[in-house]
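Chemist: This is the structure I want to talk about, given as structure tokens.
The values are calculated or read from the model by the stated rules, or taken from the named source; none is laboratory data. These numbers were taken from a predicted model, which means no experiment stands behind them. Here the Cβ positions follow ideal geometry from the backbone for every residue, glycine too, while neighbour counts run over all protein chains shown. Heads up: the accessible areas ignore ligands, DNA and RNA and are worked out on the full protein's heavy atoms, side chains in. Shrake-Rupley method; radii C 1.70, N 1.55, O 1.52, S 1.80 Å.
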Amino acid sequence: MVRRFFFLFFSLFFLLSHFSPVAFAEGEKAGETLPDAYRDFLGNLPPAILERLPEGALSNNTEEVGGAVGEMSSFSFLFKAVLSLIGLRLGDCLGLLCSVVGILILSSICRTFCASIGKPEISRAFSLLMTLIITVTIFATGFGTIESTVSYFHTLNTFTSASIPLMGSLYVMGGNAAAAVATSAGLSLFMTVLEGIVGKSIVPFCGICLALALIGACEGGVRLGGLLTNLKKKYTLMLSFFMMLLLAMLASQTVLGASQDTLVMRSAKFAAGNMIPIVGGSVGELLRSVSASVGYMRTSIGICGVLLLLLLMLPTLVELLLARTAWQICSFFAELLGCDGEKRLLDEFASINGYLIAAVAICSSVLFLTFTLLTHCATALA
């Protein structure tokens, strides 16, 4: 009982000293101006993303940022962004498609000619040669998509690092100190997993899959499809497991922390209202006004973070989707021309691109949830 009394007394003292009419005026001004962490957050974005943003998104004013977020969330803005990305990547994919199909046609012609003159060993040699040429093409162009995926994970790590102080300041402004601690701890753990496990395992994983696919394509008697499928499923399952744990931890700790902050603040307001009724009522009204301002700020920044993450993810997703489509079309032509070994190799690399798409989506889901929680988490001041 004595501890509770001292807690309420100091809470009352804090409220009366920080939420006087002068402090409230400063609070209104702070509600209109975003924290400095927002400027640092934008400074960590790639220049290509900053060029696409509306002018208001770079402002420190909450109203201007809210208007820019409304423009960014429109269908026309997102559709133009997707079309521009497809236009940039489409030429490379068409060039890749034409090159591989030309190699397949040449391989089919050579194989048919050697079979017509009764030289199956020469036909086999030509098939092996064409498989190796296609492998070189995959290494020259296909590993560009893998490097883009690794680069995206590094960019996502930087984006997460810049989000931690921004989210912490927004949570604290609304009185959610426990939620700020939980979010910062969860995102720090996410950065460790992203850099230590995902970022360092993508290239070895793709290299092992491509090596096994090459063995199966060069030696028709060796069937490694089951091993490759099992390896890719286990890798995706591992990523899903880690991200599921992070999502559960972030969601539960943030919600519990926000509820705890709300309980503490309401106890303080109740003490202020009972001990000094007039002043306590004034403090409650002031807190509700500040809470509305901070809530609008959180909503604007949260939606802005979701859209920025989507703009960061779209280039990699579009590149992987177009590359996967190109490899699948090449596989169709290989089957049509009777190039079985080449078809198995192309199918496997198209499958690798599909699993890379899954890895990008799985790892990005943690930040999507974090910004969504920021948007929907009620302020403790309300």
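Chemist: Taking the range 314-373 only, how many residues are surrounded by 18 or more Cβ atoms within 10 Å (Cβ to Cβ), under 22 Å from Thr155 (Cβ atoms) and among the aromatic types (Phe, Trp, Tyr)?
Modeler: The number of residues fulfilling the criteria is 2.
Chemist: What pairs come up if the first residue lies in the range 71-95 and is of a type in the set (Val, Ile, Thr), the second is modelled with pLDDT of 80 or more, and their beta carbons are under 9 Å apart, counting only those six or more places apart or on different chains?
Modeler: Val82/Leu314; Val82/Val318; Ile86/Val318; Ile86/Leu322
Chemist: Yes or no: Arg89 modelled with pLDDT under 80, of a type in the set (D, E, K, R), under 24 Å from Ala48 (Cα atoms) and open to solvent by 40 Å² or more (accessible area, probe 1.4 Å)?
Modeler: yes
Chemist: What pairs come up if the first residue lies in the range 156-171 and is within 14 Å of Thr192 (Cα to Cα) and open to solvent by 10 Å² or more (accessible area, probe 1.4 Å), the second is in a helix (DSSP H, G or I) and not aliphatic (A, V, I, L, M), and their beta carbons are under 8 Å apart, counting only those six or more places apart or on different chains?
Modeler: Pairs found: Asn157/Glu195; Asn157/Gly199; Ile164/Thr183; Ile164/Ser184; Ile164/Ser188.
Chemist: Which residue out of Gly199, Gly186 is at pLDDT below 80, in contact with a helix residue (DSSP H, G or I) (Cβ under 9 Å, 6 or more places away or on another chain) and not in a loop (DSSP other than H, G, I, E, B)?
Modeler: Criteria check complete, one pass: Gly199.
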